[in-house]
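The structure appears right after this line, and notes come after that.
The values are calculated or read from the model by the stated rules, or taken from the named source; none is laboratory data. Note that the coordinates shown come from a computational prediction; the quantities given were computed from them, not determined experimentally. Cβ atoms come from the backbone with ideal geometry, glycine included; neighbour counts cover every protein chain shown.
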Amino acid sequence: MRLLFKQRLFSWLDSYDIYHENGAVAYTVQGKLSWGHRLHVLDASGRHIATLQERVLTLLPKFELYIGDQYVGCIRKEFTLFRPRFTVECNGWAIQGDFFAWDYQIVGQNGRAVATVSKQIFRLTDTYVIDVENPQNALLALLVVLAIDAEKCSDGN
């Protein structure tokens with residue numbers, strides 16, 4: 001399953017449109033006014049289905065993942081000198097990526113790719129292609145991508 005993740009150009013808060021490969025809207029992401037990033041994920045019919053909430057007052061960025069109102073895990077940035085590194089505390093997933101973390105994989109406990117993420121460069125807004133191996137993992141993979149993008153935005157990258 002392929003998703004196209006596009007940030008909206010003119011948006012006061014973080015807002016994204018996520019499309020299926022055929023161009024149909026899969027999800028809409030709306031930023032909410034809060035201290036730290038707070039993103040609500042809506043399905044194609046506009047129903048709230050997930051939330052990404054940044055925890056503030058932490059040494060390094062940490063984002064909590066919610067499906068509906070149920071906490072399902074978190075992703076946090078690790079302290080490193082040269083290469084961005086993230087720890088995912090959900091489903092036994094891990095992040096493997098390049099120096100800028102613009103192209104990376106979300107891998108499962110078995111070492112196989114859950115999703116492959118690549119950033120399309122030379123675009124006016126952040127645009128990613130997310131290839132998800134199992135469509136059941138699409139929403140959770142999207143939350144991980146949103147957390148990494150939010151951290152990079154906060155970091156000024």
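Some points to look at:
- Candidate set from the stretch 1-35 (those that are touching a Gly at 6+ places or on another chain (Cβ under 9 Å), under 12 Å from ASP126 (Cβ atoms) and assigned to a strand (DSSP E or B)); member that is modelled with the highest pLDDT: LEU4
- Among residues of the stretch 67-95 being farther than 20 Å from LEU39 by Cα and at pLDDT 90 or above, the one that is surrounded by the fewest Cβ atoms within 10 Å (Cβ to Cβ) is GLY92.
- Residues that are in a strand (DSSP E or B), under 15 Å from VAL145 (Cβ atoms) and of a type outside the set (A, V, I, L, M) within the stretch 77-91 comprise LYS77, PHE86, listed in sequence order.
- Given (1) under 24 Å from LEU42 (Cβ atoms); (2) part of a loop (DSSP other than H, G, I, E, B), number of the condition TYR71 does not satisfy: (2)
- Take the conditions (1) under 22 Å from MET1 (Cα atoms); (2) outside any strand (DSSP E or B); LEU57 misses just one of them, which is (1).
- Any hit, the stretch 47-54, residues being buried (at least 18 other Cβ atoms within 10 Å of the Cβ), out of contact with any Phe, Trp or Tyr (no Cβ under 8 Å at 6 or more places or on another chain) and either assigned to a strand (DSSP E or B) or modelled with pLDDT of 90 or more (or both): no
- Test set (1) touching an Asp or Glu at 6+ places or on another chain (Cβ under 8 Å); (2) modelled with pLDDT of 95 or more - LYS119 fails condition number: (2)
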